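One structure is given below, encoded as structure tokens.
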Amino acid sequence: MTGKPLTVADYPLAENRPDVVETKAGKKLDDITLDAVISDRVKLEDLRITDRALRQQAEIATAAGRPTLAANFERGAELVDVPQDVIMRIYELLRPGRASSRQELVAAARELRETYGAEGVAAFIEEAADVYERRSLYKKRF
């Protein structure tokens, strides 16, 4: 991703590898200044997390021997460009007792996979659908 693999020594990137940190529009950390904000050269989009930044964090987590944390960063990277209303709707479905059936969760997984390319998140939701079925969590609780 960065040419040279990131290691634990690179963390935090802003301090130790600012050369690999950039906004979605390609601005570097040195471009993000108060003057740039005041003069409108820095937009809100420049301050948002990017999929690249999350994948870099995943790379460091993997190097640190933290595969679960790395997987969470990878899934987060997949969700960066998913609209907030979609994320909140699916989040609500994942709360026990909110989805009415396995099919509802599987449909949400399919939407994330087919519309946003979020393969890891889709697999995570499908796994949750199986667990919810085994534990009877589709029953309405509220």
Pull out the extension gain between D130 and D19, defined as 0.36 nm times the separation in residues minus the alpha carbon to alpha carbon distance; nm, one decimal.
-> 35.7 nm
Work out the length of the dipole vector of region 8-54 about its Cα centre, built from +1 on the beta-carbon of each Lys and Arg and -1 on the beta-carbon of each Asp and Glu, and round it to the nearest 20 debye.
-> 140
L44 and S100 label points (each 7 Å along its Cα→Cβ direction) are spaced in nm at 3.4
Once phi for every residue in region 82-97 is put through the Karplus expression 6.51 cos²θ - 1.76 cosθ + 1.60 (θ = phi - 60°), the whole-Hz ³J(HN,Hα) values, with Gly and Pro written as x, are 7, x, 4, 5, 5, 4, 5, 5, 6, 4, 4, 4, 7, 6, x, x
List every residue whose amide H lies under 5 Å from the amide H of E22, counting only residues 5 or more places away in sequence or on a different chain, with H placed 1.01 Å from N in the peptide plane.
-> none
If the convex hull of the alpha-carbon atoms of the chain is projected onto planes in all directions, what is the mean projected area in square nanometres?
-> 10.8
Skip the ligands, DNA and RNA, and give the accessible area per residue of the chain with a 1.4 Å probe, whole Å².
-> 63
In Å and from the alpha-carbon atoms only, list the Rg and Dmax of region 36-87.
-> 13.9, 43
Regarding region 11-57, what are the three Cα extents along the principal axes, ordered largest first, in Å?
-> 30, 19, 13
Between L29 and A9, what is the FRET efficiency for a Förster distance of 25 Å, r being their Cβ-Cβ separation, to the nearest 0.05?
-> 0.85
Please give the peptides 54-61, 128-135, 17-24 ranked by average Cβ packing (other Cβ atoms within 10 Å per residue), highest first, as a rough proxy for protection.
-> 54-61, 17-24, 128-135
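The values are calculated or read from the model by the stated rules, or taken from the named source; none is laboratory data. No experiment lies behind these values; they were computed from the predicted model shown. Cβ: placed from backbone, ideal geometry, glycine included. Neighbour counts: every protein chain shown. All accessible areas refer to the heavy atoms of the entire protein, side chains included, with ligands and DNA or RNA removed. Shrake-Rupley method; radii C 1.70, N 1.55, O 1.52, S 1.80 Å.
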